[in-house]
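**Q** Input: one structure, supplied below.
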Amino acid sequence: MDARRIGNIVNLSTVLGLLLARLGRARVRSGPHGLLLAEGVRLPFPDVGAVTIGNVVLTTGLFADLVRALPRVLDHESRHASQWLRWGGLPFLPAYLLGVAWSLLIARDRAAGNPFERAAGLEDGGYRAAR
């Protein structure tokens with residue numbers, strides 16, 4: 001986890017996540033898997049429980065509520081943090097957005113056909129597989 005934490009700082013993805021947390025006036029604290037949890041973000045986010053940027057997981061609500069509803073959600077978000085590292089940081093963002101577009105095209109859902117969401121564990125993130 002330390003290599004991922006350091007790598008995502010160096011590749012600027014965690015820096016971007018912390019900037020968004022600050023702009024959104026979130027409360028940031030340490031979480032499991034070397035993640036930083038940013039609660040109460042006041043930014044216009046897509047209708048999802050959480051968004052991971054580098055090692056920062058942002059949510060508009062409270063993580064306690066999110067974890068109560070989805071017990072493995074932080075495992076899912078941890079896998080996204082690893083994807084940020086593997087893609088070298090900021091290049092992950094357009095790749096992920098292409099994954100969303102592909103998923104909408106083939107499954108009419110932003111996650112079911114998205115290779116990044118599938119690799120992070122659809123059900124752990126609260127998504128359903130394509131039928």
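**Q** Tell me the helices (runs of 4 or more DSSP H) entirely within segment 50-131 that contain at least 2 residues that are touching a residue at least 60 places away in the same chain (Cβ under 8 Å) and more than 15 Å from the chain's Cα centre (by Cα).
**A** Working: elements: 63-69, 73-86, 92-107, 115-120.
Filter on segment 50-131 gives an empty set.
**Q** For segment 13-31, what are the residues that are surrounded by fewer than 16 Cβ atoms within 10 Å (Cβ to Cβ) and not polar (S, T, N, Q)?
**A** Residues of segment 13-31 that are surrounded by fewer than 16 Cβ atoms within 10 Å (Cβ to Cβ), as a first pass: 19, 22-23, 25, 27, 29-30.
Within segment 13-31, LEU19, ARG22, LEU23, ARG25, ARG27, ARG29 qualify.
**Q** Among the residues of segment 98-131 satisfying the criterion of being in contact with a helix residue (DSSP H, G or I) (Cβ under 8 Å, 6 or more places away or on another chain) and charged (D, E, K, R), which is farthest from PHE45 (Cα to Cα)? Explain how you work it out, then say what you get.
**A** Taking segment 98-131 first, the residues in contact with a helix residue (DSSP H, G or I) (Cβ under 8 Å, 6 or more places away or on another chain) are 99, 102-103, 109-117, 119-121, 124-127, 129-130.
Going one step further and asking which of them are charged (D, E, K, R), we end up with 109-110, 117, 124.
Details: ASP109: 17, ARG110: 14, GLU117: 17, ASP124: 20 Å.
Within segment 98-131, the match that is farthest from PHE45 (Cα to Cα) is ASP124.
**Q** Here's something else I'd like to know. Hey, any hits in segment 41-57 for a residue that's farther than 20 Å from THR14 by Cα and either loosely packed, with under 14 Cβ neighbours inside 10 Å or hydrophobic (A, V, I, L, M, F, W, C) (or both)?
**A** Pass one, segment 41-57, residues farther than 20 Å from THR14 by Cα: 47.
Keeping just the survivors that are either loosely packed, with under 14 Cβ neighbours inside 10 Å or hydrophobic (A, V, I, L, M, F, W, C) (or both) gives 47.
Yes, segment 41-57 has at least one match.
**Q** Could you list, ordered by first residue, the pairs with Cβ atoms under 8 Å in which the first is in segment 5-32 and without any contact (Cβ under 8 Å) to a residue 24 or more places away in the chain and the second is surrounded by fewer than 18 Cβ atoms within 10 Å (Cβ to Cβ), at least 6 apart or interchain?
**A** LEU23/LEU43; ARG25/GLY40; ARG25/ARG42; ARG27/GLY40
Bear in mind these aren't lab numbers, they're just calculated from the coordinates by the rules spelled out. Quantities reported herein were computed from a predicted structural model and do not represent experimental measurements. In this analysis, Cβ positions are derived from the backbone assuming ideal geometry, glycine residues included, and neighbour counts consider all displayed protein chains.
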